Amino acid sequence: MEKTVNQKAWLLVLPVLVLVAFSAVIPLMTVVNYSVQDTFGNNKFFWAGLEWFDEMLHSERMWNALGRQLLFSAIILAIEVPLGILVALSMPKRGFWASVCLVLMALPLLIPWNVVGTIWQIFGRVDIGLLGYTLENLGIPYNYTQHLFAAWATVIVMDVWHWTSLVALLAYAGLQSIPDAYYQAAKIDQASRWSVFRYIELPKMQGVLMIAILLRFMDSFMIYTEPFVVTGGGPGNSTTFLSIDLVKMALGQFDLGPAAAFSIMYFLVILLICWVFYTVMTNLEKRDGVS
Amino acid sequence: MALVLDGISKVTGAQTHIHPTSLELHKGTMNVLLGPTLSGKTSLMRLMAGLDKPSSGRLLWHGEDVTGMRVQDRKVAMVYQQFINYPSMTVYENIASPLRLMGMSAAEIDSSVKATADLMKLTPMLSRKPLELSGGQQQRCALARALVKNAGLVLLDEPLANLDYKLREELRVEIPKIFEESGAIFVYATTEPEEALLLGGNTATLWEGRITQFGPTPEVYRKPIDATTARVFSDPPMNFLSISKTGNKLLFGDGQSVAAAGKLRELADGRYVAGFRPNHVEVVRHTADAMKFTALLNVTEITGSETFIHLAHHGEKWVGLIHGVHDLELGQPIDVYLDPSHVYIFAEDGKLVVPAAYAMAA
Amino acid sequence: MAKITLDNLAHSYLPNPKGEEDFALKELNHEWTDGEAYALLGSSGCGKTTLLNIISGLLKPSQGRVLFDDRDVTSAPTAERNIAQVFQFPVVYDTMSVRQNLAFPLKNRGADAAYVAERVQTVARMIDMEAELDRKARGLTADAKQKISLGRGMVREDVNALLFDEPLTVIDPHMKWELRTQLKSLHRQFGHTMIYVTHDQTEALTFADKVVVMFDGRVVQIGTPEELFETPEHTFVGYFIGSPGMNIIPARIEGNRAHVNGSLIQLARAYGKLDGEVVIGVRPEYAKLSDKDGLPVRIRRVEDVGRHKIVRAEFFGNDINIIAKEGEAIGSEMTRVTFDPARVNVYANDWRVTGEAA
């Protein structure tokens, strides 16, 4: 059979291409531009080739930031995903209380990032904050401006407080889509609570959980505002994650070349991880077939 | 002249949903698309409606090429298996909604809605919301919405599949009546042969994205052009048996041979497949010519007035539908009888060679 | 296997039911004989699923008791009842293989591995899925999944009853045949007590030894398919069973004669004085068109449904259906109809009146 060739469809894509060009490609090109040149102001540029990339690749500072970043993302995923599932499982399935729960769960998601940061910044202060003051008086050394562990704990707890709801809501949606017959069949088969979770709930939640993990990973990998407000990246460089480091480099030290190279590598890492996720997810779907 | 499909096909990637199909549907006819799930009924309907663009071929509406035209610009109505209504609107508003979109005057809308509601027996429920109605009433509401538009083409995709058996039976009787009054082209998809027969009109049998036969419903039923059509249009499924012809005799296995009569005489020697419908199997010798087969009786099912017998005959599974309630011993051989006039002869590739004599007389 | 007794059972979804109309399932006493195949037949909302859920323990009745072999299980949870259920939509454990699915109920009950392996093999043979044992359950067709659900039920040898909740809803007509006959032969071989809920009369009649017909929360008749067909106890049964259903014609009865609009219909039995609304019921199969005998009828439409013809006609202002044979010619001279006197039933206020041999 002959397939008719029709190029008109490109016209339909044109507006999107233009939009993407303005919103993504052009700013990105600026960064690319900086990343391969050196400048000393006065709008004078010198060709630097891949020098900045090379420098960045051998920069201990960047590797440290990347390490901290990966550790942070891993920790919050390890806490938020199981916790979110647990919360979703314990939420009522229907009725008045289900709606109340949903509203309560949605609340933290509605608070702006910097407000969250400010809340925890004050909450954790040893002089006036409820948390910090209480802990300090209980004899537990807690001062996030000085102790590395306290700083990390604060940033992590803050993120968990802010974002576990998102995982919980997504998992809840997944659970809601399971027909009652599955639970009835499980009762008849005398399946344990764990088996019900393992063989019914988890497989049915798989799709939404992948989305939750992807969203939480991307978001945590790019985290900036909250730790910036709470710890400012300290004590020392202990909570200086990639974004914070990048801003320090670009705006604090005005090292535009290295910062641009850093940005591009940062972007590529995120793109790579996205691609891996996408491939894994589509493979899973393929394996599942049409059902 | 009305709706013409001219070599229409639908291919996505490596998958062919509809092989090139040509079909002519006339004004004021009921056309049934009969085939199992995934045989292409819905794909074909979407092509007819203009919801999908064909990969090849043309779609003509009253002689005008409407191949690329959007569904919104054509007068098409569609009813689905799921009861699709606007839940927040009353039945009256649901029925009126397509007319409001057309910009009709309030008085015209009112009279059309009332006439359609009357036809669909919805008059007492006009002020209720769809979800307060029974399944049958909800589907009537969806049907009313399709009919009120006065569309030239009404597509019904298994509209009764989600209803109770008895409700289905009632609507099956009503739909042909409604259709007779509308004068539109009706296309009705179903998986059930019985439904096709009750609706009458024309039937197109579908198998793996191909229309195997199209014609007046009883004719397709009685004179299927191949074994596939016969299988699709038979519930319980048609029974098959390998036979051979030597000289002027047909050998039916079990030492049965029948003198080749009529058209069978011209048949070349060789192997064929005999097909016969379950309702033509008997457990008593009913005609002088009847052939006798001994088969193993596996299961009987009693419908109250009839008995289904499930037989195994040399590795072939047969079903018989016999009159009356019979208490037969299971797991035992049983003699069953078949009149040669009820037998279709197919070539080994499935093409019909000689139709059953009774069907030619009918 | 067990006998199941329903004792004074009734159920209402309302906390404080007042009148009878508040009950989704009206008072019911019944004994399900061990090893029989039953069908619960009725239209949606008639209470059949409520009854099934009470038997399986998913619902606690507001009144009465459920006994399994004289043991009161009314408040026992589902898992303790040792029943199996096949649902409307296939329920399988997607991530498990067919083998693991079948083994699941036994493993949960702590059976030893050798026994489990042997039972799984036996059941796989019963449901004809030996070849697919190591495939993942996900991606199988709907009918294969229903077979797995059935197999999960049968894998336990001590199962008290197999319950089916409209199990063929999502199955294609051609496969329906396969599954139904398979179910039927499994019942014949292994003799499980089976209860099959459906709105489809063909499924109910062909599957069951006894059919329980429900209407508006009440059991209106329990009988063999033949009884339901020949002597429907309630006009609803006459209408619901048979396709098309029984013809209902208002009449006045005097002894062994029925008067319809002044014309006479002979009956096989004699009846005393009847109260309330009196009708005669005759199945389309027992009405016959004629060119000279019987009473006048006007043919509206003849439907050729393949194996027979359905004649839609008007009979003294009533719509009636007549079934004619496949090859039967129906010409314009067919203006009369006769009824087989032995097959005419008489109803007063919707319930059948037996009468006396005339």
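The values are calculated or read from the model by the stated rules, or taken from the named source; none is laboratory data. Note that the coordinates shown come from a computational prediction; the quantities given were computed from them, not determined experimentally. Quick reminder, even Gly has a Cβ in these numbers, built from the backbone with ideal geometry, and neighbours come from all protein chains shown.
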Next on the checklist: Could you check region C:191-202 and list, in sequence order, the residues that are surrounded by fewer than 23 Cβ atoms within 10 Å (Cβ to Cβ), at the interface with chain B (Cβ under 9 Å from one of its Cβ atoms) and either over 10 Å from the mean Cα position of the chain (by Cα) or part of a helix (DSSP H, G or I) (or both)?
Outcome noted: C:T202
Next on the checklist: List the strands (runs of 3 or more DSSP E) inside region B:286-338, counting only whole elements, that have at least 2 residues being within 14 Å of chain C (Cβ to nearest Cβ) and more than 18 Å from C:Q189 (Cβ to Cβ).
Outcome noted: B:306-313, B:316-323
Item to check | Filtered residues of region A:31-66 (kept if loosely packed, with under 11 Cβ neighbours inside 10 Å and assigned to a helix (DSSP H, G or I)) | outcome: A:E60
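Out of region A:112-137, which residues are within 13 Å of A:T154 (Cα to Cα), free of Cβ contacts under 8 Å to residues at least 60 places away in the same chain and not in a helix (DSSP H, G or I)? Spell out how you get there, then give the answer.
Our first condition is that a residue be within 13 Å of A:T154 (Cα to Cα); within region A:112-137, this holds for A:116-126, A:129, A:131-132, A:135.
Pick out the ones that are also free of Cβ contacts under 8 Å to residues at least 60 places away in the same chain and you get A:119, A:122-123, A:125-126, A:129, A:131-132, A:135.
Passing the criteria: A:R125, A:V126, A:G129.
Here's a check for you: in region B:133-151, which residue that is outside any helix (DSSP H, G or I) and of a type in the set (S, T, N, Q) is farthest from B:S97 (Cα to Cα)? Reasoning before the result, please.
Step one: filter region B:133-151 for residues outside any helix (DSSP H, G or I), giving B:133-134, B:149-151.
Checking the rest, the ones that are also of a type in the set (S, T, N, Q) come to B:134, B:150.
Numbers: B:S134: 21, B:N150: 13 Å.
So the residue we want is B:S134.
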Checklist entry - Residues that are among the aliphatic types (A, V, I, L, M): which strands (runs of 3 or more DSSP E) entirely in region C:304-358 hold 3 or more of them? => result C:308-315, C:318-325
Next on the checklist: I'd like the residue in region C:132-170 that is modelled with pLDDT under 85 and under 19 Å from C:D94 (Cβ atoms) and, out of all such residues, is surrounded by the fewest Cβ atoms within 10 Å (Cβ to Cβ).
Outcome noted: C:G139
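Taking region B:148-167 as the search range and keeping residues that are touching a residue at least 24 places away in the same chain (Cβ under 8 Å) and either of a type in the set (K, R) or farther than 17 Å from B:G136 by Cα (or both), which one is farthest from the other protein chains (Cβ to nearest Cβ)? Before you say what the answer is, go through the steps one by one.
Taking region B:148-167 first, the residues touching a residue at least 24 places away in the same chain (Cβ under 8 Å) are B:148-164, B:167.
Among the residues that remain, those that are also either of a type in the set (K, R) or farther than 17 Å from B:G136 by Cα (or both) are: B:148-155.
Details: B:V148: 25, B:K149: 27, B:N150: 25, B:A151: 25, B:G152: 25, B:L153: 25, B:V154: 21, B:L155: 21 Å.
Here the answer is B:K149.
State which residue is modelled with the lowest pLDDT when the search covers only region C:234-248 and only residues that are out of contact with any Gly (no Cβ under 8 Å at 6 or more places or on another chain) and either away from every other protein chain (no Cβ under 14 Å) or assigned to a loop (DSSP other than H, G, I, E, B) (or both). Let's see the steps before the verdict.
Narrowing region C:234-248 to residues out of contact with any Gly (no Cβ under 8 Å at 6 or more places or on another chain): C:234, C:236-237, C:243-244.
So of that shortlist, the ones also either away from every other protein chain (no Cβ under 14 Å) or assigned to a loop (DSSP other than H, G, I, E, B) (or both) come out as C:234, C:243-244.
Values: C:H234: 95, C:S243: 85, C:P244: 90.
Only one residue tops the list, namely C:S243.
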Next on the checklist: For the condition closer than 16 Å to A:A186 by Cβ, touching a residue at least 12 places away in the same chain (Cβ under 8 Å) and over 24 Å from the mean Cα position of the chain (by Cα), what is the one hit in C:P90, C:P77?
Outcome noted: C:P77
Checklist entry - Only one of (1) in a loop (DSSP other than H, G, I, E, B); (2) buried (at least 22 other Cβ atoms within 10 Å of the Cβ); (3) not basic (K, R) is not met by C:T206, so which one is it? => result (1)
Next on the checklist: Return the residues of region C:53-70 that are more than 11 Å from every other protein chain (Cβ to nearest Cβ) and part of a helix (DSSP H, G or I); say none if nothing qualifies.
Outcome noted: C:I54, C:I55
Item to check | region C:125-151, subset among the small types (G, A, S) and in a helix (DSSP H, G or I), residue farthest from C:T169 (Cα to Cα) | outcome: C:A131
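Looking at region C:36-65, which of the residues that are among the aliphatic types (A, V, I, L, M), under 14 Å from C:L9 (Cβ atoms) and more than 14 Å from the chain's Cα centre (by Cα) is surrounded by the fewest Cβ atoms within 10 Å (Cβ to Cβ)?
Initially, region C:36-65 is screened for residues among the aliphatic types (A, V, I, L, M), giving C:37, C:39-41, C:51-52, C:54-55, C:58-59.
When the remaining residues are screened for being under 14 Å from C:L9 (Cβ atoms), the result is C:40, C:51-52, C:54-55, C:59.
If we keep only those that are more than 14 Å from the chain's Cα centre (by Cα) too, we end up with C:54-55, C:59.
On the way: C:I54: 23, C:I55: 25, C:L59: 18.
If we take residues in region C:36-65 being among the aliphatic types (A, V, I, L, M), under 14 Å from C:L9 (Cβ atoms) and more than 14 Å from the chain's Cα centre (by Cα), then C:L59 is surrounded by the fewest Cβ atoms within 10 Å (Cβ to Cβ).
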Checklist entry - Scanning for something crowded, with 18+ Cβ neighbours inside 10 Å, hydroxyl-bearing (S, T, Y) and touching a Ser or Thr at 6+ places or on another chain (Cβ under 7 Å), does region B:30-39 turn up at least one residue? => result no
Checklist entry - Do the conditions hold for B:R265, that is, is it in a helix (DSSP H, G or I), over 13 Å from the mean Cα position of the chain (by Cα) and modelled with pLDDT under 90? => result yes
Checklist entry - Is one or more of the residues making up region C:173-180 closer than 18 Å to B:P36 by Cα, under 20 Å from the mean Cα position of the chain (by Cα) and within 14 Å of chain A (Cβ to nearest Cβ)? => result no
Item to check | Which listed residue, of A:G236, A:G124, is away from every other protein chain (no Cβ under 14 Å), in contact with a Leu (Cβ under 9 Å, 6 or more places away or on another chain) and more than 23 Å from A:P108 (Cα to Cα) | outcome: A:G236
Checklist outcome for this item: Among residues of region C:288-317 being under 19 Å from B:L198 (Cβ atoms) and hydrophobic (A, V, I, L, M, F, W, C), the residue modelled with the lowest pLDDT is C:V305
Checklist entry - Quick check: is even one residue across region C:171-190 assigned by TED's automatic domain parsing to the domain that holds C:P105, outside any helix (DSSP H, G or I) and at pLDDT below 85? => result yes
Next on the checklist: I'd like to know if region B:261-273 contains one or more residues that are among the basic types (K, R) and within 11 Å of chain C (Cβ to nearest Cβ).
Outcome noted: no
Next on the checklist: Given the criteria surrounded by 12 or more Cβ atoms within 10 Å (Cβ to Cβ) and without any contact (Cβ under 8 Å) to a residue 12 or more places away in the chain, does C:R301 qualify?
Outcome noted: yes
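Residues that are surrounded by fewer than 21 Cβ atoms within 10 Å (Cβ to Cβ) and touching a strand residue (DSSP E or B) at 6+ places or on another chain (Cβ under 6 Å): find the helices (runs of 4 or more DSSP H) completely inside region A:143-244 holding 2 or more of those.
On the way: elements: A:148-176, A:180-188, A:202-221, A:225-230.
By residue number, no helices (runs of 4 or more DSSP H) qualify.
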Checklist entry - Filter region B:181-211 for residues that are part of a loop (DSSP other than H, G, I, E, B) and touching a His at 6+ places or on another chain (Cβ under 9 Å); which is nearest to the other protein chains (Cβ to nearest Cβ)? => result B:T191
Checklist entry - Out of C:D69, C:D134, which single residue is touching a residue at least 24 places away in the same chain (Cβ under 8 Å) and within 30 Å of C:A24 (Cα to Cα)? => result C:D69
Checklist outcome for this item: Of C:V91, C:V73, the only residue that is at pLDDT 90 or above and facing chain A (nearest Cβ under 9 Å) is C:V91
Item to check | Count - residues of region C:94-117 that are touching a residue at least 40 places away in the same chain (Cβ under 8 Å) and either under 24 Å from the mean Cα position of the chain (by Cα) or within 7 Å of chain A (Cβ to nearest Cβ) (or both) | outcome: 6
Checklist outcome for this item: Those residues of region C:318-345 which are touching a Leu at 6+ places or on another chain (Cβ under 7 Å) and either modelled with pLDDT under 90 or over 21 Å from B:V173 (Cα atoms) (or both) amount to C:I330, C:M334, C:R336, C:V337, C:P341, C:V344
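Looking at region B:335-352, which of its residues are more than 18 Å from B:S234 (Cβ to Cβ) and buried (at least 18 other Cβ atoms within 10 Å of the Cβ)? It would help to see each step written out before you state the result.
Step one: of region B:335-352, the residues more than 18 Å from B:S234 (Cβ to Cβ) are B:335, B:337, B:340, B:347-349.
Once the filter is applied, which keeps residues that are more than 18 Å from B:S234 (Cβ to Cβ) and buried (at least 18 other Cβ atoms within 10 Å of the Cβ), region B:335-352 yields B:Y337, B:P340.
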